[in-house]
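Below is one structure; the comments refer to it alone.
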Number of protein chains: 2
Amino acid sequence: MSFRYEIRLSGSGGQGLILIGIILAEAAGIYEGRYVAQTQSYGPEARGGVSRSEVIISDEEIDYPKAMSLDMLLAMNQDSCDKYFHDLKQNGVLLVDSTFVSQIPTSYAIKIPFTLIAREKLGREIVANIVALGAITQFTDVVSIKSVESAVLDRVPKGTEKINMNALKEGIKAAKQAKEELRKLSKSFWKTT
Amino acid sequence: MSFRYEIRLSGSGGQGLILIGIILAEAAGIYEGRYVAQTQSYGPEARGGVSRSEVIISDEEIDYPKAMSLDMLLAMNQDSCDKYFHDLKQNGVLLVDSTFVSQIPTSYAIKIPFTLIAREKLGREIVANIVALGAITQFTDVVSIKSVESAVLDRVPKGTEKINMNALKEGIKAAKQAKEELRKLSKSFWKTT
């Protein structure tokens, strides 16, 4: 049975979604030797400010490099969350930046304030994308943290390696907390019903 | 009749082919409002050092975002030239960096020493990709120079705007010379035969 994993990274232009798409693709493709296709699409809506980047990871050559049924959706703003959550497959993971996404259109989502973390813990909002990338590694097992770290170091501007490594760590930490809360919630749910 | 234009940008990892793919895509998609899909693919050969990036530009939504028959191939090294020239369609444009590509596998190619120009005219080999991008604008009319300039300014690191604008200009200049030489050659060809 062949394996195909689809991730869409969405938000506003300027939130660095293309960069983390490339980093994820290089982590899986170059460092883990998988087949990967990474795509950006633009249409007449491109000026509207919703930016999206897709990564497809497979164990065989990818004939159709466009996402059809998302295993994971990262939504860094409300518009992209509203626009794309329908494309998630059943049990797909919705990961939102709760700094900007307040209305969750589905019952199950992981809410982490990526931009707030970037601002308060790292002093620079611009690394919110790398915080999100750290969190992504905790909700999928298609890439290892080590491969993502290597790919981040290849791609970020010289002199910003340290802040980006710290951003990755903060994302991983926040994702672990979110997972722990989910675990507790589901435990108490089963106790009370 | 619908319009579809396919460009593949190929060479070694590190030659900045993904960046110019994104710039071309944003020039056509954001600044000219076309439908655009821009893709990077990785497979087990990714460690081998051939890097490739594709841009598909269309006047309608792109269902299949993978190049099938190239209108233009940029080859920045010999390996990528050898590997991909078969994918060019008849009368497709082969544009090579003659700094590294010495054997041309077909009778018709545009040879410009992008890396040499970057080194000698701009003092930095790293902008060879932007020199090539300037040349690309002269061999296709799917994007305007103005849109490409805007997209370059959006994407290059702060502080490097001037060298990148100059790199674009040198690429345009070299492409104009190459076109003029081609024109003279074909003129003398028709005279002598």
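Computed from the coordinates by the stated procedures, all read-outs in this text should not be read as laboratory data. Treat the numbers as computed from the prediction; the structure is a model and nothing was measured. Don't worry about glycine lacking a Cβ; one is built from the backbone with ideal geometry, like all the others, and counts go over all protein chains shown.
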| Using a 7 Å Cα-to-Cβ projection, A:THR160 label spacings across copies, nm, ascending | 1.1
| remark: Expressed in nanometres to one decimal, the distance between label points 7 Å along Cα→Cβ at A:ARG124 and B:THR106 is 4.3
| said: Under 8 Å for C-alpha pairs, at least 6 residues apart: give me the relative contact order for chain B, rounded to a whole percent. | reply: 20
| Shielding by partners, peptide B:65-78 (average Cβ within 10 angstrom, other chains) | 1
| field | Residue among B:GLY159, A:TRP190, A:LEU95 farthest towards the positive dipole end of the protein assembly as shown, charges placed on Cβ | value | B:GLY159
| query | Under 16 Å Cα-Cα from B:LYS146, which lysines qualify once same-chain neighbours fewer than 8 residues away are excluded? | reply | B:LYS162, B:LYS169, B:LYS173
| query | Computed over the Cα atoms of the protein assembly as shown, what is the convex hull's projected area averaged over all directions, in nm²? | reply | 21.5
| said: How far, in nm to one decimal, is B:ARG4 from itself in the other copies if the label point is set 7 angstrom along Cα toward Cβ? Shortest first, please. | reply: 1.8
| message | Consider the operator that turns chain A into chain B: which A residue has a Cβ nearest its axis, and what is that gap in Å? | response | A:THR39, 2
| query | What does the average come to when, for each residue of peptide A:169-176, you count the partner chain Cβ atoms lying within 10 Å of its Cβ? | reply | 0
| query | For peptide A:30-38, how many partner chain Cβ atoms fall within 10 Å of a residue's Cβ, on average? | reply | 5
| task | Assuming 1.002 mPa s and 20 °C, estimate D for region A:1-101 with Stokes-Einstein, Rh taken as the Kirkwood radius over Cα pairs, in µm²/s. | result | 156
| query | Could you give me the ³J(HN,Hα) list for region B:55-71, computed from phi with Karplus coefficients 6.51, -1.76, 1.60 and θ = phi - 60°, whole Hz, x at Gly and Pro? | reply | 10, 10, 10, 8, 9, 9, 4, 9, 7, 10, x, 10, 5, 10, 8, 6, 7
| request: Would you mind working out the magnitude of the charge dipole of chain A relative to its Cα centre, with +1 at each Lys and Arg C-beta and -1 at each Asp and Glu C-beta, to the nearest 20 Debye? | output: 760
| task | Name the long-range amide H neighbours of A:LEU70: under 5 Å, sequence gap of 5 or more, or other chain; modelled H, no Pro or chain starts. | result | A:LEU88, A:LYS89
| note | Charge tally for neighbours of A:THR115 with beta carbon under 10 Å away, counting Lys, Arg as +1 and Asp, Glu as -1, is -2
| field | Gap separating the Cα centres of region B:117-193 and region B:6-83, nearest whole Å | value | 17
| query | How many lysine pairs are close in region B:1-134, with Cα atoms under 25 Å apart and the two 8 or more places apart or on different chains? | reply | 5
| task | Can you tell me the alpha carbon radius of gyration of chain A divided by the globular rule-of-thumb value 2.2 N^0.38 Å? | result | 0.99
| For the pair B:LYS83 and A:LYS158, what calculated FRET efficiency results from E = 1/(1 + (r/R0)^6), where r is the Cβ-Cβ distance and R0 = 35 Å, to the nearest 0.05? | 0.70
| query | Ordered by residue, what ³J(HN,Hα) values in Hz, to whole numbers, does region B:169-176 give under the Karplus form 6.51 cos²θ - 1.76 cosθ + 1.60, where θ = phi - 60° and Gly and Pro are x? | reply | 4, 5, x, 5, 4, 5, 5, 5
| field | Formal net charge of residues neighbouring B:MET76 (Cβ-Cβ distance under 15 Å; K, R +1; D, E -1) | value | 0
| query | For label points placed 7 Å from Cα toward Cβ, what is the shortest-first list of nm distances from B:ASP59 to its copies? | reply | 4.5
